[in-house]
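Rule-based calculations on the coordinates, nothing more; no lab input. Here the structure is a predicted model, which means the values were calculated and not measured. Counting neighbours? That spans all protein chains shown, and the Cβs are built from the backbone with ideal geometry, glycine included.
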Amino acid sequence: MRDKQGAATTDLDFDAAHPRYTTHVQHLAQKPAHVATVTFKGQLTQFQEAEDAISGGHPATEAILNDVAQILLGLFVPWHDLSAILSQFTSQENIYSIVWTIAQPTLAPHNREFAANIELLRKSKEDCQADAKLRAWTHLDDDFFDRQIVDLDQGSFDSDSDEHDDDFQAQSENFTAETLIAAYHTIRQVWSRESTITAHRIPALARGTTPGRNIQHFNPRPITIPTSSANDILGVRFLPPSVLQCWERRLKCLASTKDNASIAEQQNSSFQLDDFDQDIGDGFLQPMLVDSDVFHSLQDRRFQLGENPTAASLVSSVGQDIPLNSKQRLIVQKILAEALACADHPYDSSRRKQLLLCITGEGGTGKSQIPKAIVAAMDLLGRKDEIMLMAPTGAAADTIGGNTYHTSLGISINRLQKSSMGSRVRSLWAHKTIMFIDEMSMMDLTMLSVVNNHCRIARSLDRSSTELFGGLPVVILMGDFFQFPPVRGPALWKEPRDGNDEDVNGQMIWHQFKQVIILDEQMRQSEDPSFHSLLTRARRAALTQRDVDRLNSKAISSLLEPRLECATAITKLNSIRHLINRTQIEHFAITRSQPICVFPAEHSRIKTKNATKTRLRAEDLLQQPDQGTKIPFPGLFLYTRNMPAVILTNICSRIGQVNGALGTVVGVVLDPTGKSSFSRK
Ligand SMILES: Nc1ncnc2c1ncn2[C@@H]1O[C@H](COP(=O)(O)OP(=O)(O)OP(=O)(O)O)[C@@H](O)[C@H]1O
C-alpha cells in the first residue's frame, strides 16, 4: 500500500468502497526485494492461550479447529456463497469446520496455499518449516501441472493403461459425507486437468467442457435419502427389502435355464470369469414379452400353415412381419429347407449333408434380417429353441437377440480348451439345429477353431470325430470383412500365424465354408443414394476430394450441439470416453435443470486377483472412472434422471441386459440392507 500521491502506473486502486480508496493505492511487488513479510498482531484464535499452555505442540481440539475455520471462511469464501451453506448446518457444534471442509477444496490452488499459510500463524518456526516441506512434497503434482502443462507427456495420459492397478493400497473406507464432497471437488479439478490435456488433442472436446465452479448452496451435498423430498425429482429411493428380494428372485429365475440344478455346479466348477462370460448362469436369449395378442396371432399363423408347412410357405408367412427382399427370401428359404429336412433325424449326420454357409455384404444390406426371419419361422414350427445366435461381443449379440460365443460355449478369455462341459451347456446344445455367428470379421482363426472344439465337446462328440461344430446341421457365418477386425489374431481370410496350430485348424475350417452369398441391395441408405455411393467409394478406398470435403463439413465444433445429445461416439481411449461422458451428463442435467447424483459405486463383479487391493481412500475412489469390467475396485457413478446409458457387463441375457446394451436410466434404487460406508448425521 502506498500514498495515492506517489502512485505509479502499475499500482492498483482500491475498491471504491474501501476506506482508503481516496488516500492510498495498492502497490504490486515487482521484484523479490519488494516482498514484505506480513506480521500478525494479537492472537489468531480465542483459544490461543489455552493452546500455548500445552507443551510440545498445537492440539487440534475441535474448538480450535472450528475457530480457525471460521477465520479462514471469512478470509477466503465470499459471504453470498457461504450463507446458504451455513444455514444447513446451524445445529452442528463445529459448523465452521464442517463448512470449511466443504469449501476448501473448491478454492483455487493458490488460495489453498494462502489458507495453509494462515494456519501457520499459530505454529512455531520449526513446525512451519516441517509443514512447508510436507506441503512441497504433497503439492508437487499441482505445481507441476500448473506450470508445465504443455510439457506433459500426453502418452502418459492414457487411462487405458493398467499400470496404476497396483498402486492402490488398502486404506480406511469410513469416510464421511464431508470427505466425499471434499474429494469430489478435488477430483473435479483432476477432471478439468484431463479436459485441458484432451483439448490439446481434440479441440472440439474443449468447447464442450465447463470449468469447475465455485461452491454454491446447490453444489454437491449429501442427500438424506429416506427423508429428502427431492427424491421424486432425482429418482433415487429406497424400496423395502421384500420388493428387492422379489426382483432378485425374478431376475435369477430369468437368468436360469431349464436345468436349474446344474447352474450351481457350473458356477462352482466350470468356467473362468472374463469380459464375456460373466453371466454364465444364463442360458440363451429368448424374447420375454409375449402378450396375449402376439400369442393368438402365433396360434393363427400356425393354424394357417397346417401340419407340414414348406420352407416357401414359412417364408411367406414371416415375410408379412419381417420384410425380405428377393435374395433374403432365397437365403431364408434355403436355411429353412435344411431345418425341415433334418426335423426327423436332426442328429444323424449320416443321413444329411451339413450346411456351412457364409452370408456377407456391406453394412445395411440386411444381413441381420436373416436370423430374425429364421427365428420367427422356427417359432411357427415350435422349434425356436433349436437356434443358437452368437456374436463376438455383447453389443453385437444383443442386436440379433443372442449371446456371445464365450457365454454360449463357456469359452474363457484365455481360451483354455476344456475337455468336458457341465450338463447345463450340454443339454443346451444337444438339440440345436442352426447356429448363427454374426460379425465374423471380428472372429480370428484361432477362435473359429476354439468354437468348433467347444461345439464338439458340448455335443459330446469324441475328439477323434471329424465332424465340424459337433455335427450341427446348419452353421452360418455372417458379417462383412470391411468392418471391425479381430481384437487379436488373424482374421478368417488371413494367413495363420507361424507355428500356430489353432490358426491352421481355424483356416482349415474356414475353407469348408464354400457356399457364400453376398447381399448387395442397400436397405439402410436406400433413401440416401448419394451418401451410399460415398460409402461405397470409401469401402474401395477411392474417396474423391468432394467426398472428403463433404465428410469434413460434418466435423463437429462442439460436443454440445443438440443433435449430439444421445449420439453414440466411438473413441480410441477410455480417457476420452470418460471426458465425453462427463461433459454430456453435465450438459444433459443443466439443460433439464436437474441435479447430478454422484454415487461411490462398488463393483459387485470384480475380477481382481488381489482382493486386498479393493479398498481405497475416498479421493482414489472418486478419481477412478470405470475401465470396463476390469476395474478391480469401487468406482464413481454419476447419475441424472433419464440419462442415456450403456451396460458394461452381462447381467441377464434373457432380458437383453448384456455388455453393450443401450438404455435409459430412469431411477436408482438403493439397497436398504446394503452396507454403507457413508456416515449420515
Ligand atoms: N427387406 C428389407 N426391407 C426393408 N427394410 C429392410 C430390409 N432388410 C433390412 N432392412 C432394414 O435395413 C436396415 C439395415 O439392415 P441390417 O441391420 O439387417 O443390415 P446389416 O447388413 O446387418 O448391417 P450391418 O452390417 O451394419 O450390421 C435395418 O433398419 C433393417 O430393418
>> As a footprinting exposure proxy, order Val646, Val25 by other Cβ within 10 Å, with the fewest listed first.
In response: Val646, Val25
> Tell me, what ³J(HN,Hα) does each residue in the stretch 82-96 have, in order and in whole Hz, if you take phi through Karplus 6.51 cos²θ - 1.76 cosθ + 1.60 with θ = phi - 60° and put x for Gly and Pro?
Replying inline: 8, 4, 5, 6, 4, 5, 6, 10, 4, 7, 7, 5, 9, 4, 6
>> Exceeding 24 Å between C-alpha atoms, which entries from my cross-link table qualify? They are Lys327/Lys494; Lys353/Lys384; Lys514/Lys572; Lys353/Lys432; Lys327/Lys514.
In response: Lys327/Lys494; Lys514/Lys572
>> With the crude spin-label approximation of a point 7 Å out along Cα→Cβ, what separation in nm comes out for Leu381 versus Thr571?
In response: 4.7
> Out of residues 5 or more away from Met435 or on other chains, whose amide H comes under 5 Å of its own, with H placed 1.01 Å from N in the peptide plane?
Replying inline: Met388, Val474, Val475, Ile476
> Which whole-Hz ³J(HN,Hα) couplings does the stretch 395-405 yield from phi under the Karplus relation 6.51 cos²θ - 1.76 cosθ + 1.60, θ = phi - 60°, glycine and proline marked x?
Replying inline: 5, 5, 5, 5, 5, 9, x, x, 10, 5, 5
> For the residues Trp429, Trp247, what sequence is obtained by ranking on other C-beta atoms within 10 Å, fewest first?
Replying inline: Trp247, Trp429
> Calculated FRET efficiency, Gln46 and Thr23, Cβ-Cβ r, R0 35 Å, to nearest 0.05?
Replying inline: 0.60
>> Expected output is a single nm value to one decimal: the length gained when fully extending between Ile202 and Gln92, i.e. 0.36 nm times separation in residues minus the C-alpha distance. What is it?
In response: 34.9 nm
> Based on the mean of other beta carbon atoms within 10 Å per residue, what is the order of 376-387, 655-666, most packed first?
Replying inline: 376-387, 655-666
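Which peptide among 547-560, 192-205 comes first, and what is the full order, when sorted by highest mean count of other Cβ atoms within 10 Å?
192-205, 547-560
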> What are the residues whose amide H is under 5 Å from the amide H of Met643, where those residues sit 5 or more places off or on another chain and H is modelled from the backbone?
Replying inline: Val665
> What net charge is computed for the residues neighbouring Val318, neighbours being all others with C-beta under 11 Å from the C-beta of Val318, Lys and Arg scored +1, Asp and Glu -1?
Replying inline: +1
>> Residue by residue through the stretch 518-527, what is 3J(HN,Hα) from phi via Karplus (6.51 cos²θ - 1.76 cosθ + 1.60, θ = phi - 60°)? Round to whole Hz and write x for glycine and proline.
In response: 10, 7, 10, 9, 6, 9, 6, 9, 4, 9
> What's the extension gain from Ala337 to His34 if we count 0.36 nm per residue and subtract their Cα-Cα distance?
Replying inline: 99.6 nm
> With each pseudo-label sitting 7 Å past Cα toward Cβ, what's the Gln545-Arg524 distance in nm, one decimal?
Replying inline: 3.0
>> Give me Leu324, Leu86 sorted ascending by neighbouring Cβ count inside 10 Å, so fewest comes first.
In response: Leu86, Leu324
> For labels at Ile556 and Ser316 in the simple 7 Å Cα→Cβ model, what's the distance in nm?
Replying inline: 4.9
> Amide H neighbours of Asp444 under 5 Å, counting only residues 5+ apart in sequence or on other chains, H built in-plane at 1.01 Å?
Replying inline: none
